[in-house]
Structure formats: C-alpha cells, structure tokens
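The values are calculated or read from the model by the stated rules, or taken from the named source; none is laboratory data. Computed from a predicted structure; not experimentally measured. Note that each Cβ is placed from the backbone with ideal geometry, even for glycine, and that neighbours are counted across all protein chains shown.
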C-alpha cells in the first residue's frame, strides 16, 4: 500500500473529524494571543478570501460529489478546479472551522454571562455544528449565510483594531462591509451566467443580508460582546496603592483561602476599591465606566448606584489598570459592571457587603 493510500485511509476514519476539531480549538486557544496581532488577523483575512473563492467556484461549477466521466474542457486551471470540486466541502469545512474557532476564542475574552453571551453561544454552536455540515456545504444559501456571519464577526473587531476607536459608527461600517463583500460573492457566482435567473441570486443572497440585519439588531440590544476590549482582571480591595509600575492590592482572607485574589464578603461602612485591568489594542484610546449596582436582598433586582468614567489607553498586555472607590457601603449585594460608552459590558466584579464578623481575617497584599 502506497503512503498516499495509507494517508487517505487514515483520513477516512470516522473519528478524524473530532481529532481535527479538538486539535484546531486547542491550537487557536494557545496561539491566538492578542486580538490586535497582525499575523493572526492576516491569516483570518486569508481564510475569508479563500472561503469566498471556494463559494464562488461551488456556485459556478456546481458541487458534484464524483469525478466527471469525461475530461473537463477549458484551460488547465479550469480542468484542475473541476477535477478537485468533490473536495470543496472538506476545504470549506476546514476554513469555516478555523474562522469560527478563532472567533470563539476572541469573543469569549470579551463576553460575560449576560446578554453578550448570546452571540458567543451562536459562534460556539456553529463551531461544533461545522463538524456535521460537510454534506450540506453544497447548499448555496447556507454557504453564503455562513460567509456573511464570518465576515461580520471579522470586521466587528478588525476595524476597531485598525481605526483605533470603537462605537456604533465603526460597527455599522463593519456591517456594511460585510454586506458588500457578501453581495460581491453572490454577484461573482451569477456573473456571465445567463442560464441562472436574477431571482435565484436574490434567493441566495437575501437570507445572508437578512442575517446581517438581525446581527445589527443584536448590537443595539447589547448582545454583541465589546470586542476588541476584554477584561483581564478585576476585584474588590481594602486599599490600592501604586508602587513603581505595579499596583499593591490589599484585602483580607483566611489562612486557608490561598486561591482568593479579591475580598468578599467586605465589611460595611468602610472604603472599598474596585480595581480592574481592561485590555485594548495598540492605539485604541476610549472611555469605559465602572457602573456600580446595589441590591439589599437577593430576591430584589440590582439598582443603579453610581457610574464613574475611566479613560483607558491600549497596548499593555495585562490591560489598562484603573480603580474607583466608594465610602461606607450599605450591607447587601454590590456589583460593578465595566461598560463601554454604548453600554456593552466588558466584565463584572461582584462583592457581598456585610457587618463585620467576630474574627479578624489576615490582611494580604499582592502586586498586579
């Protein structure tokens, strides 16, 4: 048996898709370090271009699953592309897996267990479903819709990284670019093809554009994570002091609570500091807010207590560090949402405030 036949035999094993899936996710988790890393973004952009190219070929040449009986006509390149078209679905599955895996990593760093987790859940669902889509990747409507989502997810964080600012107009620009690129792919599929009607092109591109419209609605409902921002660290402390290039964070903990890096519960009627580190790409300067919320009992909703602006500068690997503080908090549950100017939640820090107990925990300090 030749080496090529052996490789084909191994790749045909039923467990191989799961192996590639887990390997790809693990690779992306450990290699996609920064959302503003040029090399990573260029690779994703290359994936998008290659995926669009294959979708156009699938639409123009068809998605035959077996080799043609006769030798294809045309140039050498055309004959080659027609010969390998049974492998288009596998190639597109690989590209979609690489894109959605990277998106899941990037968006998970910005999503919280609030409404912004909805979009992350969609990406993770598509990442898993991609392993079962091979037989359906000849459906042009599905392909173009997935491509529209891939473009949308890319431009949502790529444009802020390149422009150096975030906000509704940057997001809408990215949505517009996604729609434009998607429509261009549909146009290339049906260009110079008089046998296929304009109505067919509308039926293929319409669902994709509608999907982008739905995602724009998600943004204004604060369901899109605030990429490229992400919260690296956050906690509540008794005192925060700057020491050279680091911050000394003081809190109380019992001797056995070696895992604790933040204080909760916190004694009532004492100053409390909320310290956070928010990552932003190089050259991105923006304002985030420490939005303080309070509820007296767990059966009541949180209510607004204060909202304090913080100007942050991008570039630092560990995030831009800042803190706000409050005096003499009432007993109950307190929460600080780190929010963007348009109200999207970057991260949360929670603490329980209670009357001081009889025992005095040991004070601790660590540097961040």
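From the list 349, 338, 345, pick out the single residue that is surrounded by 20 or more Cβ atoms within 10 Å (Cβ to Cβ), modelled with pLDDT of 90 or more and closer than 20 Å to residue 257 by Cβ. Talk me through it step by step, then tell me what you get.
Numbers: 338 fails: closer than 20 Å to residue 257 by Cβ; 345 fails: closer than 20 Å to residue 257 by Cβ.
Checking each option against the conditions leaves just 349.
Among the residues of region 191-210, how many are in contact (Cβ under 8 Å) with a residue 12 or more places away in the chain and surrounded by fewer than 19 Cβ atoms within 10 Å (Cβ to Cβ)?
4
Could you run through region 238-249 and say how many residues are within 33 Å of the chain's Cα centre (by Cα) and touching a residue at least 40 places away in the same chain (Cβ under 8 Å)?
Final tally of qualifying residues: 5.
Identify all residues within region 165-189 that are surrounded by 16 or more Cβ atoms within 10 Å (Cβ to Cβ) and in contact with a strand residue (DSSP E or B) (Cβ under 8 Å, 6 or more places away or on another chain); write none if there are none.
First, pick out the residues of region 165-189 that are surrounded by 16 or more Cβ atoms within 10 Å (Cβ to Cβ): 166, 170-171, 174-175, 177-179, 181-183, 185-186, 188-189.
Result: 166, single match.
Can you list the helices (runs of 4 or more DSSP H) lying wholly within region 111-198 that have 3 or more residues being modelled with pLDDT of 85 or more and either more than 30 Å from residue 61 (Cβ to Cβ) or not assigned by TED's automatic domain parsing to the domain that holds residue 44 (or both)?
Values: elements: 117-129, 140-163, 168-190.
The helices (runs of 4 or more DSSP H) meeting that bar are 140-163, 168-190.
Restricting the search to region 284-305, which residues are closer than 21 Å to residue 229 by Cβ, loosely packed, with under 15 Cβ neighbours inside 10 Å and at pLDDT 90 or above? Before the answer, list the steps.
Quick first cut of region 284-305, residues closer than 21 Å to residue 229 by Cβ only: 284-293.
Checking which are loosely packed, with under 15 Cβ neighbours inside 10 Å leaves us with 285, 287.
Matches in region 284-305: 287 only.
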